[in-house]
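Student: What follows is a single structure, and I will ask about it in a moment.
The values are calculated or read from the model by the stated rules, or taken from the named source; none is laboratory data. What you see is a predicted model; the values in this text were computed from it and never measured. Quick reminder, even Gly has a Cβ in these numbers, built from the backbone with ideal geometry, and neighbours come from all protein chains shown. Accessible surface areas use protein heavy atoms only, side chains included; no ligands, DNA or RNA. Shrake-Rupley method; radii C 1.70, N 1.55, O 1.52, S 1.80 Å.
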Amino acid sequence: MAFRVYPPELDLKVIEQFKLDSRPAERTVIREFNTGITAGLMPLKDFTKRLALRCVEADPVVGLAFALPEGTEVPKDIRESKHLWVVIATEQYKLQFIAPNAKFGSYDLVTTDFPTEVIAIQRRESFRVPAPADRTLDLMISGSFSAVVQPKIFDIGFDGIGLEFSAMERIQVGTIWSNCYFARGKKSSESFMLEVRNVSEVYNLDHFRVGCKLLKPSQQTVTDFETTRNSIQNCIVSGQPQRWHLSVSWL
């Protein structure tokens, strides 16, 4: 099977924005290696020389190990490099780091030391993330229904949110809700407006999903959505999804 190998991002602003702290970085690398995902290896300065290898093992003390299939032709520039870029592309982000002390040894393995700096670059600016699995993030809607409605959130992005409703509630594309707010326990955000942009067919006999977009948001609401989505995403990446609320602006 052919794998597409992506070069690393070198923009210093991007690197600084998406750099993981040491503990989340360690957990993220270990988790990806445990899946046996394929990574791209390349020299630090020549990205035209690339090698796609399967991730085998990651240990902060022992280092990293990649599987080198028998008969694989390794470009000279890669074999002679002491440090290699490693790039792992997933649906959620592009993980990149420099792996030091690379060795092409016996048993068809390539080994390196564990990286000291790991970057997890989100693949799309508007990428939506699933709502926290513990369901501690709520969206309240009042003013458009006879009583306050609390639909289930299934995903959230920078400028919109996906909601799940009971089939008993009839909703049409173009509907505007003028009084919505996030809630977690006794904490809540300022109110904002949502416009219904799409409505799914009823599924599981009694539920359907609605895609909503922010309408004329204030700067505070923009910040609230961005920090909520980013905090959820960062905690998913670090393997601590239950801590999603720690960097949210309205909490």
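Student: Being among the aliphatic types (A, V, I, L, M) and touching a strand residue (DSSP E or B) at 6+ places or on another chain (Cβ under 8 Å) is the filter; apply it to region 219-247 and report the residue that is modelled with the lowest pLDDT.
Tutor: So the first thing to find is which residues in region 219-247 are among the aliphatic types (A, V, I, L, M), and the list is 222, 232, 236-237, 246.
Filter once more, so that each one left must be touching a strand residue (DSSP E or B) at 6+ places or on another chain (Cβ under 8 Å): 222, 232, 236-237.
Working: 222: 91, 232: 88, 236: 79, 237: 73.
My answer is 237.
Student: Quick one: in region 151-195, which of the residues that are among the small types (Gly, Ala, Ser), in a strand (DSSP E or B) and touching a Ser or Thr at 6+ places or on another chain (Cβ under 8 Å) is least open to solvent (accessible area, probe 1.4 Å)?
Tutor: Narrowing region 151-195 to residues among the small types (Gly, Ala, Ser): 157, 160, 162, 166-167, 174, 178, 183, 185, 188-189, 191.
Next, only the ones that are in a strand (DSSP E or B) stay: 160, 162, 166, 178, 183, 188.
Imposing the further condition that a residue be touching a Ser or Thr at 6+ places or on another chain (Cβ under 8 Å) reduces the set to 178, 183.
Numbers: 178: 71, 183: 12 Å².
Here the answer is 183.
So that you can scan it fast, the table gives a plain yes or no per residue for (1) farther than 16 Å from residue 134 by Cα; (2) open to solvent by 60 Å² or more (accessible area, probe 1.4 Å); (3) touching a residue at least 24 places away in the same chain (Cβ under 8 Å):
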position	(1), (2), (3)
210	yes, no, yes
221	yes, no, yes
224	yes, no, yes
231	no, no, no
235	no, no, no
238	yes, no, yes
242	no, yes, yes
246	no, yes, no
249	yes, no, yes
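Student: From the set of residues in region 69-101 that are farther than 26 Å from residue 232 by Cα and either at pLDDT below 85 or acidic (Asp, Glu) (or both), which is surrounded by the most Cβ atoms within 10 Å (Cβ to Cβ)?
Tutor: Ranking the candidates gives 77 first.
Student: Going through region 56-68 one residue at a time, which ones are in contact with a helix residue (DSSP H, G or I) (Cβ under 8 Å, 6 or more places away or on another chain) and open to solvent by 30 Å² or more (accessible area, probe 1.4 Å)?
Tutor: Passing the criteria: 56, 57, 59, 60.
Student: I want to confirm something. Restricting to region 56-81 and keeping residues that are of a type in the set (D, E, K, R) and outside any loop (DSSP other than H, G, I, E, B), which single residue is farthest from the chain's Cα centre (by Cα)? Don't jump to the end; show me each part of the working.
Tutor: Just the residues of region 56-81 that are of a type in the set (D, E, K, R), to begin with: 57, 59, 70, 73, 76-77, 79-80.
Next, from what is left, pick out any that are outside any loop (DSSP other than H, G, I, E, B): 57, 59, 76-77, 79.
Numbers: 57: 22, 59: 22, 76: 34, 77: 32, 79: 32 Å.
So, considering only residues that are of a type in the set (D, E, K, R) and outside any loop (DSSP other than H, G, I, E, B), the one farthest from the chain's Cα centre (by Cα) is 76.
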